[in-house]
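Taking it in order: structure first as structure tokens, then the write-up.
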Amino acid sequence: MTSMGKPMANYSAAKRVGDFVFMSGIVAVDPARQAVVMSYNDIPAEARAQLQTLGYATGQMTVDIFEAPVIAQSWFVLERIRQLAQEHGGTMDDVVKLVQYFKRLPDYALFNRVRGMFYPGVPPVSTVVEVSNFLPGTDVLIEIEATMYCPVNK
């Protein structure tokens with residue numbers, strides 16, 4: 001998959017400081033469309049296939065309409081973190097901390113299952129915060145910032 005792009009505002013997506021890489025809060029905005037990811041159609045077919053193994057992307061409108069926004073955004077943001085880790089010489093295993101901001105705290109349960117796709121073993125340490133009205137845009141449900149430990153001479 002190609003990179004999901006640079007931030008749409010004037011800041012760095014990630015910055016290396018010694019053996020650490022700090023990633024800015026990442027939201028699910030597709031830079032090609034300049035739109036928030038809101039459905040399974042907004043993510044690649046291979047991602048939808050992976051999500052189906054978790055019981056998501058069922059093809060049933062009455063189910064998908066409620067789950068798709070948070071599931072698709074969860075996948076998109078975690079995939080962007082994976083890409084940034086790779087761009088800085090690491091993997092998801094090197095991402096040691098996540099700070100997860102949710103518009104609605106109950107969405108954490110859905111997100112947590114998607115996170116398991118990216119961390120099949122032990123997930124990184126994390127903080128979960130409900131921020132309701134402080135995310136950038138009414139459709140943004142999740143924002144995640146990440147810290148990666150990846151020695152320069154890895």
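List of remarks:
- Distance from the range 109-130 to the range 90-105 (C-alpha centre basis), Å: 7 Å
- Residue-count net charge about ALA109 - beta-carbon cut-off 15 Å; Lys, Arg +1, Asp, Glu -1: +1
- Calculated log10 I(q)/I(0) by the Debye sum over Cα atoms at q = 0.09, 0.11, 0.12, 0.20 Å⁻¹ (choose from (1) -0.41, -0.59, -0.68, -1.31; (2) -0.27, -0.40, -0.48, -1.37; (3) -0.39, -0.53, -0.60, -1.25), label: (2)
- Under-5 Å amide H pairs with CYS150, H placed in peptide plane, nonlocal only: PHE20, VAL21
- The chain: angle of helix 61-87 to the longest principal axis, Cα-based, in degrees nearest 10: 10 degrees
- For the chain, the fraction of 1.4 Å probe accessible surface lying on carbon and sulfur atoms is 55 percent.
- On Cα atoms only, tilt of 107-118 relative to the major axis of the chain in degrees: 60 degrees
- Percent of beta bridges antiparallel (DSSP, the chain, rounded to nearest 5): 75 percent
- Around the Cα centre of the range 77-154, unit charges on the Cβ atoms of Lys, Arg, Asp and Glu (plus for the first two, minus for the last two) sum to a dipole of about 140 debye.
- For LYS97, the residues whose amide H sits under 5 Å from its own are THR147, ignoring neighbours fewer than 5 places away on the same chain, with H placed 1.01 Å from N.
- Based on protein heavy atoms only, the chain ends up with 53 Å² per residue of surface accessible to a 1.4 Å probe.
- Ranking TYR56, SER12, PRO151 by how far each Cα lies toward the positive end of the dipole of the chain (charges on Cβ) leaves PRO151 at the top.
- Taking the chain as a Gaussian network of alpha-carbon nodes connected by springs under 10 Å, the highest mean-square fluctuation of the residues SER74, SER24, SER12 belongs to SER12.
The values are calculated or read from the model by the stated rules, or taken from the named source; none is laboratory data. Please read these numbers as outputs of a predicted model, since none were measured by experiment. With ideal geometry, Cβ positions are generated from the backbone for all residues, glycine too; neighbour counts draw on all protein chains shown. The accessibility values were calculated without ligands, DNA or RNA, using every heavy atom of the protein model including side chains. Shrake-Rupley method; radii C 1.70, N 1.55, O 1.52, S 1.80 Å.
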